[in-house]
Amino acid sequence: MPERPPPNSPSDKLSGSQATSMKPFAILLAIAVLILLSRGKHNQFETGTPLQSAPLMDLNTGEILELAQITSGTTPVALHFFATWCGSCMREWDGLPTISERHGDDFKVILVGIDSPAKLKKLIAQKPTSLPIYVGGSEIENAARIRAFPYTVFVEPDLGVIFDYPGALTASGFAQARAARIALSNSKEHKNE
């Protein structure tokens, strides 16, 4: 009597054409799992994590300041990172002062251009803004963990991260940052009790 092949032997495996037809399914399944695992995890920082200070140049004066100097005071800051070559950044550009005015009581908006001063000055000449603009380089790009533009990091004056997210600066982003700030404040109060 012939012997049966052991389980999981080559004869039990899918044929080449069957395996090939399973590849698209396996890829879709992997993508679905990644989406589910990353849902709500687009933030680069845990709330309360300190953002490392980095040098920035004031576009108007040319003065080099540390981020910690720029954010000092009593009002939390929305650091909004952009680049002139970024289509999404340029589409939202004209609405940034309005968003800032509507939420100015809660957060001071500071624009940080990751671009050359010449390109940023050309942009301002064509599309002026009332918001303060600083020029950033690789130091702030690394400190803020920028992976895409536009990108916003809401920070306390001491650079403690409140909330961060990629995408256009919106009312929803401010609302989420406000909620995160309240939760952070409540968390600190409970720790002090």
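Since every read-out is calculated from the coordinates, none of them should be taken as a lab result. Nothing here was measured: the structure is a model prediction, and the numbers come from that model. Reconstructed Cβ throughout: ideal geometry from the backbone, glycine too, with neighbour counts over all protein chains shown.
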T152 long-range amide H proximity, modeled H, under 5 Å:
F81, Y165, G167
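Hull surface divided by four, with the convex hull built on the Cα atoms of the stretch 39-193: how many nm²?
On the way: hull surface 36.4 nm².
Hull-based average projected area comes out at 9.1 nm².
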Using DSSP to call loops (not H, G, I, E or B), can you name the chymotrypsin sites (Phe, Trp or Tyr not before Pro) in the stretch 49-120 whose Cβ has at most 13 other Cβ atoms within 10 angstrom?
W85
In terms of modelled amide H atoms, which long-range or inter-chain residues lie less than 5 Å from the amide H of K108?
V77, A78
Sparse-neighbourhood loop sites, trypsin sites (Lys or Arg not before Pro) in the stretch 112-177 - DSSP loop, at most 12 other Cβ within 10 angstrom
R147
note: the stretch 43-115, Cα-Cα separations exceeding 16 Å make up a percent value of 59
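Antiparallel as a % of all DSSP beta bridges within the stretch 74-182, to the nearest 5? Each step should come with its number before you reach the end.
Numbers: 10 of 19 bridges.
The antiparallel fraction comes to roughly 55 percent.
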